[in-house]
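Below: the structure, in structure tokens.
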Amino acid sequence: MISIVVPVLNEAENIPALHTEIVSVMKVLGRPYEVIFIDDGSTDGTLTELREIAGPKISYLSFSRNFGKEAAIIAGLEKASGDAVIIMDGDMQHPPSLIAELIEQYEAGFDQVVAKRNKAKEPLSRRLPSKLFYQLMNFTSTVHLEDGEGDFRLISRKVVEAILTLSENNRFSKGIFEWVGFNKTVIEFDHIERESGSSTFNPLKLLDYAIDGISAFNHRPLRVCFYLGLVVLMASLAYILYMFVNIAVHGVEVPGYFTIIASLLLLGSIQLFSLGIIGEYVGRIYIETKNRPKYIVRESSGNETKQGGRHEKQYHQ
Ligand code: UDP
Ligand code: MG
């Protein structure tokens, strides 16, 4: 049984086409399936469309307001009962024709099959910022992300259960998919323009998304304070020593200069350094409050997926 989870926000015009296409693809494959649409607080006719197509195989869930695509995906995963779940966008940018290939790879034994968007044909103005983001993200973070690998993927039941054990609210799904691990394979598809409607992601929202991503997987930005404080403190001490020696040898040139500069430098750098120390603790609290499992088991002799060590101390992600 395959579950297909589709988060939709104001996709009324795309739903009928998407529905027909999914149904025809699944008919050819001839296996049991369910499609779960998550209406993420749409304000157009999306809900009406969903009511129309609902049936034994098509179900939907409608949020009271817009909670964001990440929340919609989680709701879908919680509702899904398939052995494997396919997550795809509702705007036809994720072609249903790829479903067959996703399932094929799943049957070949992969727990995560990622449909990666081929970005070669996209304008540089869009590719450059995303490249920058992935470099920054991969530099600061403990998980490795690939540009073009989005939410369009198939995940096995084991991966679904693993993802659902992460109790954090601020979810950065790309990172979480990577974080839970399991064996993964990638298939490629070409970028397709939106069928109708418009993307809800503008540059500012994307920047927000980038900050979410970077902060959800590490507290290294906080550590920058610590190092900066340390460097400035060392430099000030060196400069103060130099001035002191200078005065001892040549005598005072400008009265008061030494005391003012020395106290300014010392106070400033001690403050920055202390902030860094506080940052370390805040970072630890941040990671702890996520209460992520310490590890996820792929398989055991009993052949079941288990999460362990949720209540023990852990200081890394
Ligand atoms: N979406 C959603 N909630 C949101 C924003 C988007 O459920 O708050 C859905 C949207 O309907 C679409 C998918 O997420 O099915 C991807 O959104 P979009 O096409 O706007 O993103 P892009 O393709 O530009 O990255
Ligand atoms: Mg889209």
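None of the figures in this text is laboratory data; all of them are computed from the coordinates on show. Since the structure is predicted, the reported quantities are computational estimates derived from the model, not experimental observations. Please note: Cβ atoms are built from the backbone with ideal geometry, for glycine as well, and neighbour counts cover all protein chains shown.
Worth a mention:
- Calculated FRET value between residue 244 and residue 274, using beta carbons and R₀ = 22 Å, to 0.05: 0.35
- Considering only GluC sites (Glu not before Pro) in DSSP loops that have at most 14 other Cβ atoms within 10 Å, the longest stretch of the chain without any of them is 1-145.
- Where only alpha carbons of segment 222-277 are counted, the Rg and the Dmax (Å): 13.1, 42
- Taken over segment 117-181, the percentage of Cα pairs per 5 Å bin, counting from 0 up to the bin with the maximum distance, is 3, 14, 23, 22, 18, 11, 6, 2.
- Magnitude of the charge dipole, segment 194-293, Cβ model with Lys/Arg +1 and Asp/Glu -1, debye to 20: 320
- Database remark: amide H of residue 153 closer than 5 angstrom to the amide H of 87, 115 (H placed geometrically; neighbours at sequence offset of 5 or more, or on other chains; Pro and chain starts carry no H).
- Local charge for residue 119 was computed over the other residues whose Cβ lies under 12 Å away, with Lys and Arg +1 and Asp and Glu -1, and equals 0.
- Coil-residue chymotrypsin sites (Phe, Trp or Tyr not before Pro) of segment 184-214, DSSP, other Cβ within 10 Å capped at 16: 201
- Solvent-free Debye scattering, log10 I(q)/I(0), computed from the Cα coordinates of the chain at q = 0.09, 0.11, 0.13, 0.14 Å⁻¹: -0.57, -0.77, -0.99, -1.12
- Candidates 77, 237, 145, ranked by Gaussian network fluctuation over the chain, Cα under 10 Å, top entry: 237
- With 31 Å as the limit, the listed pairs 57/131; 27/116; 79/121; 158/290; 27/205; 121/290 have 57/131; 79/121; 27/205; 121/290 beyond it between alpha carbons.
- Computed from phi, the 3J(HN,Hα) profile of segment 270-281 under the Karplus parametrisation 6.51, -1.76, 1.60 (θ = phi - 60°) reads 5, 4, 4, 5, 4, 4, x, 5, 4, x, 4, 5 Hz, with x in place of Gly and Pro.
- Fraction of antiparallel bridges per DSSP, the chain only, in percent to nearest 5: 30
- Mean residue ellipticity, 222 nm, helices only, the chain: the sum of -39500 (n - 2.57) across DSSP H runs of n ≥ 4, divided by residue count and rounded to 500, is -16000 deg cm²/dmol.
- The Rg/Rh ratio for segment 1-81 is 0.95, where Rg is the radius of gyration of the alpha carbons and Rh is the Kirkwood radius.
- Rounded to the nearest 20 debye, the dipole size of the chain about its Cα centre is 920 debye, using +1 on the Cβ of Lys and Arg and -1 on the Cβ of Asp and Glu.
- Along each principal axis, taking the top coordinate minus the bottom one, the Cα set of segment 119-245 gives 72, 37, 25 Å in descending order.
- Among beta bridges that DSSP assigns inside segment 113-199, antiparallel share in %, nearest 5: 35
- Normalised Debye scattering of segment 1-148 at q = 0.13 Å⁻¹ gives log10 I(q)/I(0) of -0.67, counting only Cα atoms as equal scatterers and leaving out solvent.
- 10 Å Cβ shell holding at most 16 others, DSSP loop, trypsin sites (Lys or Arg not before Pro): longest site-free stretch of the chain: 195-293
- For residue 37, distant residues with modelled amide H under 5 Å away: 6, 59, 60, 61
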